Amino acid sequence: MNFSTSPEQDELVGTARRFGQEHLAPFYKQREREGAFDRATLRRMGELGFFGVELPEAYGGLGLDSVTAGLVLETLCAADYNIGQLMVTVSLAGTILATHGQPHVVEPWLKGILAGETIPAIALTEPGGGSDAANLVVRAQRAGDTYVLDGEKTSTSFATQAGVAVVWARTGPPGSGARGISAFLVPLDLPGVTTSEFEDLGGRSAGRGTLHLDGVTVPADHLLGAENQGFVQVMQGFDYSRALIGLQCLAVARQSLEETWASAAERRSFGKPLTAHQGVSFPLAEAETHVHACRLLCLNTLWLKDQGLPHTAEAAMCKWWGPKLAFEVVQNCLLINGHGAYTAEMPYEQRLRDVLGLQIGDGTAQIMKLVIARSKVGRDAVT
């Protein structure tokens, strides 16, 4: 096994680190207050190649491997966790579009997304579905050379900021389950599309909300892949995004740990640095161990993807452990930093609220553990 990084990876990660320190970290709280990303920053990220690191160069990506994409995302998320939410969405939506879309349809959208000009959305979850992602009721009815979509999507990140969405809808008969679902490219300025935004506990610059589709008509060539095969597409994509989400959350934990080690070494209690007290240093040491181990799991999962090897179970491990571990680490860092960290003057309270959301979104821990169990003993043995 080779755990080293190439000079090219180091250079790209270094550029990302400098950008994060200069352009993301100082405005972390401001973006939360504004409840949106500023487009100038996104365009600059596009110019630097931070969106779609792994996507084809023909669409504006860098055409690099998934491990490199994860390293860049991890670095930027240390400065602003929420920018990672957008990067994961770009990678997931971009991969689906590039793999399953008709080039003449998806090319202008992909180029805009990777340039930071257009924000994409993933519209899968519905009010009555939640974790039962195959139980969709939003309909897409074929009408000549078009499809007409009706229904509501919820828990959609960037609902009011996005210019385009990948929307999953039922094209098969009622009761067809996962085998009756198709995916569509839906521009969000079409007649019949309305959006609203939630007032969430965290992740506010990502703007989670709803999409209402009332007789929205899209050309038939906006179908992504084969009809009734959309569920398979999204499940394969999630194997990638779940590993990225693990790194997204761990970056926040790592940044919080580095700050807390430094502050605890400077502060004194009973005539000693706080780190001289095992009640302080031992929990931080344990957190270092867990974060390092989980990070290696995430990078290994991305490596498996790059090798074309199965990684569904490993991706599920990343998804349930990464967000949970990050929340616990940030909470402990807040406590060690004391009363000052309980205020909004320090970043821990916002980080804590932000990372909590991904213990719910993109698959709960219970679903991830079910995926892992199925990989060990088969579907029939756990249903």
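No value in this document is a laboratory result; all are computed from the given coordinates. Just so it is clear, the model here is predicted, and its values are computed rather than measured. All Cβ positions, glycine included, derive from the backbone under ideal geometry; neighbour counts span all protein chains shown.
Calculated [222 nm] ellipticity per residue, helices only, for the chain: -16500 deg cm²/dmol; basis is -39500 (n - 2.57) per DSSP H run with n ≥ 4, divided by all residues, nearest 500. Its relative contact order, with pairs defined as Cα atoms under 8 Å and 6+ residues apart, puts the stretch 7-118 at 33 percent.
3J(HN,Hα) couplings calculated from phi for the stretch 112-121 with the Karplus curve 6.51 cos²θ - 1.76 cosθ + 1.60 (θ = phi - 60°) are, in sequence order, x, 5, 6, 7, x, 8, 10, 9, x, 10 Hz; Gly and Pro show x. The stretch 296-316 and the stretch 150-188 have Cα centres lying 27 Å from one another. The GNM of the chain, with springs linking C-alpha atoms under 10 angstrom apart, assigns the highest mean-square fluctuation among Val13, Val280, Val106 to Val280. Backbone geometry of the stretch 48-53 corresponds, through the Karplus equation with coefficients 6.51, -1.76 and 1.60 at θ = phi - 60°, to 3J(HN,Hα) couplings of 7, x, 7, 8, x, 3 Hz, x marking Gly and Pro. Within the listed set Trp168, Trp261, Trp320, the residue fluctuating most in the Gaussian network model of the chain (springs between alpha-carbon atoms under 10 angstrom) is Trp261. Of the options (i) 20.8; (ii) 22.7; (iii) 21.4, only one is Kirkwood radius over Cα pairs in Å as computed from these coordinates, and that is (iii).
For Leu224, the residues 5 or more places off, or on other chains, whose built amide H falls under 5 Å of its own are Ala183, Phe184, Leu185.
Give me the percent relative contact order of the stretch 231-382, please, defined on Cα pairs under 8 angstrom at least 6 residues apart.
Details: 165 pairs, mean separation 44.8, N = 152.
Dividing the mean separation by the residue count of the stretch 231-382 yields 29 percent.
Amide H to amide H distances under 5 Å link Tyr147 with Val218, Ala220, where only residues 5 or more positions off or on other chains count and H is placed in the peptide plane.
Derived scalar couplings between HN and Hα for the stretch 160-174 equal 9, 9, 6, x, 8, 9, 8, 10, 9, 9, 7, 10, x, x, x Hz in order, rounded to whole Hz, by the Karplus curve 6.51 cos²θ - 1.76 cosθ + 1.60 (θ = phi - 60°), x for Gly and Pro.
Of the residues Thr312, Gly177, Val377, the one whose Cα sits farthest toward the positive end of the charge dipole of the chain, with +1 on the Cβ of Lys and Arg and -1 on the Cβ of Asp and Glu, is Val377.
Just check the stretch 231-382 against the gyration tensor rule for me: Cα atoms, a ≥ b ≥ c as the square roots of the eigenvalues, rounded for a/c under 1.5, and otherwise prolate or oblate depending on whether a/b exceeds b/c. Note, shape of the stretch 231-382 comes out prolate.
A straight line joining the Cα centroids of the stretch 218-245 and the stretch 104-118 runs 17 Å.
What is the calculated FRET efficiency for Arg142 to Thr194, with r their C-beta to C-beta distance and R₀ = 35 Å, to the nearest 0.05?
Efficiency, rounded to the nearest 0.05: 0.90.
Of interest is the spacing of the C-alpha centroids, which for the stretch 324-379 and the stretch 1-37 amounts to 21 Å. Less than 5 angstrom separates the built amide H of Leu55 from those of Leu62, Gly63, Leu64, all sequence-distant by 5 or more or on a different chain.
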